[in-house]
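The values are calculated or read from the model by the stated rules, or taken from the named source; none is laboratory data. None of the values given here were measured: they were computed from a predicted structure. Here the Cβ is made from the backbone with ideal geometry for all residues, glycine too, and neighbour counts use every protein chain on show.
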Amino acid sequence: MIELFVFRHGETLWNRATRMQGHTDTELSDLGETQACDLRGVIKDLSLERVLSSDLRRARRTAELATQGLSIPLEIHPDLREARFGQLEGLTRDEIIQREGEEFWSKWLSVAEEHMDVMAPGGETKRQVLARIRDFLRSYFERNAGLKRVGICSHGGVLARLLHSAEASPSDRLRIENCRIYRLDFIPESGRWIYRG
């Protein structure tokens, strides 16, 4: 079994403005930098063998600050990027609702299986995002057998898909907060993912 400690990057100005970021390469706000530095104290006590991070600046910078001085190897991987939101990247929540409608927004936020194929115009479906992240992690742990405790710095959409698809996950939508750590177990032999909180 591999214990995964997954966390979203620190706040960005686009987070504050409710702008969809997707693959747009935004930077941390001053608060985001502080959140990432504060996370270091928590990371220090987890005995992580490695931290993996999305290559987008907001995640990479968060992972760098959170592991600074801790002698934990940090690896950067594009497969850990946020969902691609296509034509909706850069728009605020209200602009998206005005353009696509309340029903689209509600389905995008939904954690129900029947809404997994919802996608922004020119973007990825939630099912595609989940497949991308799970395929990457399965392959990574096959190549790096023996790892037991790993941190992952990624994005709200990616982590929502990963956590809500796991066994024992909440039926109500998790609000993936900046720099909060969530625990997930992965059992490579059976391919099981188990939500631990």
Which condition does Val150 not pass, out of (1) of a type in the set (Val, Ile, Thr); (2) in contact (Cβ under 8 Å) with a residue 40 or more places away in the chain; (3) within 22 Å of Arg173 (Cβ to Cβ), if it passes all the others? (3)
(1) touching a residue at least 60 places away in the same chain (Cβ under 8 Å); (2) outside any loop (DSSP other than H, G, I, E, B); (3) aliphatic (A, V, I, L, M): which one isn't true of Leu46, the others all being true? (2)
Quick one: how many residues across segment 1-35 are more than 23 Å from Leu46 (Cα to Cα), more than 13 Å from the chain's Cα centre (by Cα), among the polar types (S, T, N, Q) and not in a strand (DSSP E or B)? 5
Could you check segment 1-58 and list, in sequence order, the residues that are under 30 Å from Gly122 (Cα atoms), of a type in the set (Ser, Thr, Tyr) and out of contact with any Phe, Trp or Tyr (no Cβ under 7 Å at 6 or more places or on another chain)? Thr12, Thr18, Thr24, Ser29, Ser53, Ser54
Yes/no for Arg40 being surrounded by 17 or more Cβ atoms within 10 Å (Cβ to Cβ) and at negative phi: no
Only one residue in Leu70, Leu65 is more than 24 Å from Gln128 (Cβ to Cβ), part of a helix (DSSP H, G or I) and not basic (Lys, Arg), so which one is that? Leu65
Scan segment 103-114 and tell me whether some residue there is of a type in the set (A, V, I, L, M), under 16 Å from the mean Cα position of the chain (by Cα) and outside any helix (DSSP H, G or I). yes
Would you confirm whether or not segment 60-72 contains a residue that is closer than 20 Å to Leu4 by Cα, of a type in the set (Lys, Arg) and in contact with a strand residue (DSSP E or B) (Cβ under 6 Å, 6 or more places away or on another chain)? yes
By residue number, the members of segment 125-153 that are part of a helix (DSSP H, G or I) and either of a type in the set (S, T, N, Q) or at pLDDT below 95 (or both) are Gln128, Ser139
Could you check, for segment 110-119, whether at least one of its residues is closer than 23 Å to Cys153 by Cβ and surrounded by 15 or more Cβ atoms within 10 Å (Cβ to Cβ)? yes
Taking the residues in segment 77-109 that are buried (at least 18 other Cβ atoms within 10 Å of the Cβ) and in contact with a Ser or Thr (Cβ under 8 Å, 6 or more places away or on another chain) as candidates, determine which candidate is nearest to Ala17 (Cα to Cα). Glu89
Can we say Phe186 is of a type in the set (Phe, Trp, Tyr), surrounded by fewer than 18 Cβ atoms within 10 Å (Cβ to Cβ) and either in contact with an Asp or Glu (Cβ under 9 Å, 6 or more places away or on another chain) or part of a helix (DSSP H, G or I) (or both)? no
